[in-house]
Amino acid sequence: MKISAAESLVMEMLWRQSPLSAEDIAAALGPEQSWSDKTVKTLLNRLLTKKAVAAVRDGRRYLYSPL
């Protein structure tokens, strides 16, 4: 499976600590990368499609973990 450099940053964060919400990832990587919440969610959706991460519903949000 091929993942982009941006997707790789998200994966590295999830490997260090998981599960994390999209908001958690955006708070940690967003300012450093100039990413909005929407950008992080797009990256997570791409990783879900590639079956690189799993998502579990937690109330009104999803928690993501690497596969």
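The values are calculated or read from the model by the stated rules, or taken from the named source; none is laboratory data. Source: prediction; values computed, not measured. Methodologically, a virtual Cβ is constructed for each residue, glycine included, from the backbone with ideal geometry; neighbour enumeration extends over all protein chains shown. Note: accessible area is taken over every heavy atom of the protein model, side chains too, but ligands, DNA and RNA are not part of it. Shrake-Rupley method; radii C 1.70, N 1.55, O 1.52, S 1.80 Å.
Observations on the model:
- Taking all protein chains into account, the per residue accessible area for the chain stands at 65 Å² (1.4 Å probe).
- Reciprocal mean inverse distance between Cα atoms of the chain - Kirkwood radius, Å: 11.6 Å
- Where only DSSP H runs of four or more residues are counted, the chain gives -17500 deg cm²/dmol as its mean residue ellipticity at 222 nm, each run worth -39500 (n - 2.57).
- Computed about its Cα centre, the charge dipole of the chain is approximately 340 debye, with only Lys, Arg, Asp and Glu carrying charge at their Cβ.
- Solvent-accessible area, 1.4 Å probe, carbon plus sulfur percent, for the chain: 51 percent
- The stretch between N45 and S18 holds 8.1 nm of extra length on full extension. This uses 0.36 nm per residue minus the Cα-Cα distance.
- The relative contact order of the chain, computed from alpha carbon pairs under 8 Å that lie at least 6 residues apart in sequence, is 37 percent.
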